[in-house]
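Written out below as structure tokens is the structure these notes cover.
The values are calculated or read from the model by the stated rules, or taken from the named source; none is laboratory data. None of the values given here were measured: they were computed from a predicted structure. Every residue, glycine as well, gets a Cβ built from its backbone with ideal geometry; the counts of neighbours run over all protein chains shown. Calculation scope for accessible area: heavy atoms of the full protein, side chains included, ligands and nucleic acids excluded. Shrake-Rupley method; radii C 1.70, N 1.55, O 1.52, S 1.80 Å.
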Amino acid sequence: MSKLAKLRAEILAAGVDAMLITRPENRRYMSGFTGSAGTLVVSQAKAYLLTDFRYIEQATSQAPEFEIVRIGEPGKDVLRDLVQADEIKTLGFEQDYVSYAEYEQLKQRLAIQLVPLSGIVEKLRLIKDETEIACMQRATKIAEAAFEQVLPEIKPGRSELEIALDLEFAMRRMGAEGMAFPIIAASGPRSSLPHGRASERVLEVGDFLTLDFGAIYNGYCSDMTRTVVLGKPSEKQREIYNIVLEAQLSAQAAVRSGMQGKELDQVARDIIAAAGYGDFFGHSLGHGVGLQVHEGPRAGKTSEDVLQPGMVVTIEPGIYLPEFGGVRIEDMVLVTATGHRNFNSIAKDLIIID
Ligand code: ZN
Ligand code: ZN
């Protein structure tokens, strides 16, 4: 079934005549149009992409399944005209992506029933097709190759910001359109901050350095984390690293269709808890990735999301000891009919930088 056919089934189930799509990722997902302005209106019979003169040409070539309608001409309300022409009486809208002011304005302009909806296109986005998977595979390759290139540049005396810049530069040179999110580079005691953005802190011998990063390729994100140690690791550093690695490998190996997010989380959490560090793994095991770096499904303590073939999920356990430092290891995995497939291919053994 095509994306549009699936959306139409959801629109029917929501009991509305048509749906207005304004969230940028959803607009792109449904239509293929990558421009930064535009609205979709989809009914059982029609599919429109409303955009302004800057994007008419681009939209026409990128969104062949949609009728491209130009907006922004003075004195014309294109949306109202097509709602009337197609006899749309109830219009669903993405309640999380329409401001109150926009809602009030729509209500006045259209004078029809507006129905707040949420998660409709997001639900379709959970299952990736081959093209999406190929884009994420490429985004992962870019991130991994950049990491390997930057490894020799990680040394005492350089700052987290410098390492993050090297990594970003390498990813962009290899074809990344952008960063999936601002690079996390947390070293020494700062590595106990799960989301420590790169700072001016200078690396020292004895530090853990956690790098969490991802590339965007053709709109799709990758997300991975590696923790390295500068100089000979202490007993405690080795201990913590090996527990996180065991949790990561075990959870990754356990990924299969039909499993709930919380069951997957439990696999890693049990290992970390059994080793006595349960209180120091304070976040969820993983999340989906796609056009956004954080999307469904969730793999956390309470998640009842059921893994299905075509879903992508990260496996990223960590242990964070205040004032001591932390370790996180993260890979991205595709759920398949028979188990899973790894996106990442570089090793996860502790990297020691002499
Ligand atoms: Zn990450
Ligand atoms: Zn992640």
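Looking only at residues that are within 16 Å of ligand 2 (Cβ to nearest atom) and farther than 25 Å from residue 342 by Cβ in the stretch 192-225, which one is most open to solvent (accessible area, probe 1.4 Å)? Per the stated criteria, the residue is 197.
The set of residues in the stretch 334-354 that are more than 16 Å from ligand 1 (Cβ to nearest atom) and part of a strand (DSSP E or B) comprises 334, 335, 340, 341, 351, 352, 353. I want to confirm something. Restricting to the stretch 93-128 and keeping residues that are in a loop (DSSP other than H, G, I, E, B) and in contact (Cβ under 8 Å) with a residue 60 or more places away in the chain, which single residue is nearest to the chain's Cα centre (by Cα)? Residue satisfying both the conditions and the ranking: 126.
Touching a helix residue (DSSP H, G or I) at 6+ places or on another chain (Cβ under 7 Å) and either surrounded by 17 or more Cβ atoms within 10 Å (Cβ to Cβ) or not hydroxyl-bearing (Ser, Thr, Tyr) (or both): is that true of residue 167 in this structure?
Values: touching a helix residue (DSSP H, G or I) at 6+ places or on another chain (Cβ under 7 Å): yes; either surrounded by 17 or more Cβ atoms within 10 Å (Cβ to Cβ) or not hydroxyl-bearing (Ser, Thr, Tyr) (or both): yes.
Yes.
Residue 59 falls short on exactly one of the conditions (1) in contact with a Phe, Trp or Tyr (Cβ under 7 Å, 6 or more places away or on another chain); (2) assigned to a loop (DSSP other than H, G, I, E, B); (3) surrounded by 19 or more Cβ atoms within 10 Å (Cβ to Cβ), and that condition is (2). Report every pair of residues separated by at least 6 positions or lying on different chains whose Cβ atoms are under 8 Å apart, first residue within the stretch 271-285 and assigned by TED's automatic domain parsing to the domain that holds residue 298 and modelled with pLDDT of 95 or more, second of a type in the set (S, T, N, Q) and part of a helix (DSSP H, G or I). Correct list of pairs: 271/250. Within the stretch 172-190, if we keep just the residues that are farther than 15 Å from residue 158 by Cβ and within 16 Å of ligand 2 (Cβ to nearest atom), the residue that is most open to solvent (accessible area, probe 1.4 Å) turns out to be 182. Against the numbered list (1) within 24 Å of residue 296 (Cβ to Cβ); (2) more than 16 Å from ligand 1 (Cβ to nearest atom); (3) touching a residue at least 40 places away in the same chain (Cβ under 8 Å), residue 250 comes up short only at (3).
There is no residue in the stretch 229-236 that is in a loop (DSSP other than H, G, I, E, B), within 16 Å of ligand 1 (Cβ to nearest atom), out of contact with any helix residue (DSSP H, G or I) (no Cβ under 9 Å at 6 or more places or on another chain) and at negative phi.
If you go through the stretch 297-314 and keep only what is within 13 Å of residue 260 (Cβ to Cβ), away from ligand 1 (no atom under 16 Å from the Cβ) and open to solvent by 10 Å² or more (accessible area, probe 1.4 Å), you end up with 301, 302, 304, 305, 306, 308.
Quick grid of which residues meet (1) over 19 Å from residue 127 (Cβ atoms); (2) assigned by TED's automatic domain parsing to the domain that holds residue 290; (3) part of a strand (DSSP E or B); (4) not polar (S, T, N, Q):
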{"site": "9", "(1), (2), (3), (4)": "no, no, no, yes"}
{"site": "36", "(1), (2), (3), (4)": "yes, no, no, no"}
{"site": "41", "(1), (2), (3), (4)": "yes, no, yes, yes"}
{"site": "48", "(1), (2), (3), (4)": "yes, no, yes, yes"}
{"site": "55", "(1), (2), (3), (4)": "yes, no, no, yes"}
{"site": "68", "(1), (2), (3), (4)": "yes, no, yes, yes"}
{"site": "79", "(1), (2), (3), (4)": "yes, no, no, yes"}
{"site": "84", "(1), (2), (3), (4)": "yes, no, no, no"}
